[in-house]
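Have a look at the structure below, then the notes.
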Amino acid sequence: MPARKRQQKLKVGDRARSKLNYRIGTVDAVDGDRKHRLYGLHYDEAPQDRYLTHADRDGAQLPPELIERA
């Protein structure tokens, strides 16, 4: 069984995917300290967004365990 590589920390401008809704976007903020880091993820426009009467959100603040590099 191959060893898992430790994921590098994300920086502002990196592409990432939310593990909650699998939407891809750009990291636009990194908040918190080393123990309690939060990443601000700005989602890309999805094809269905223009048909919604109001978009739910265009981003999210996620802890490292709920975000992965895209």
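Coordinate-derived values only; no laboratory data. Quantities reported herein were computed from a predicted structural model and do not represent experimental measurements. Methodologically, a virtual Cβ is constructed for each residue, glycine included, from the backbone with ideal geometry; neighbour enumeration extends over all protein chains shown.
Report, in debye and to the nearest 20, how large the dipole of the chain comes out about its Cα centre when Lys and Arg carry +1 and Asp and Glu carry -1 on their Cβ.
Result for the chain is approximately 580 debye, rounded to the nearest 20.
In region 1-50, which chymotrypsin sites (Phe, Trp or Tyr not before Pro) fall in coil by DSSP and have 16 or fewer other Cβ atoms within 10 Å?
Filter output for region 1-50: Tyr22.
Just tell me which aspartates and glutamates come within less than 14 Å, Cα to Cα, of Lys5; anything on the same chain fewer than 8 places away is out.
Cα-Cα hits under 14 Å: Glu68.
Taking θ = phi - 60°, what integer Hz values does the Karplus form 6.51 cos²θ - 1.76 cosθ + 1.60 yield along region 28-42, in sequence order, with x for Gly and Pro?
After applying 6.51 cos²θ - 1.76 cosθ + 1.60, I find 10, 7, 10, 10, x, 9, 5, 7, 10, 8, 10, 10, x, 10, 9 Hz.
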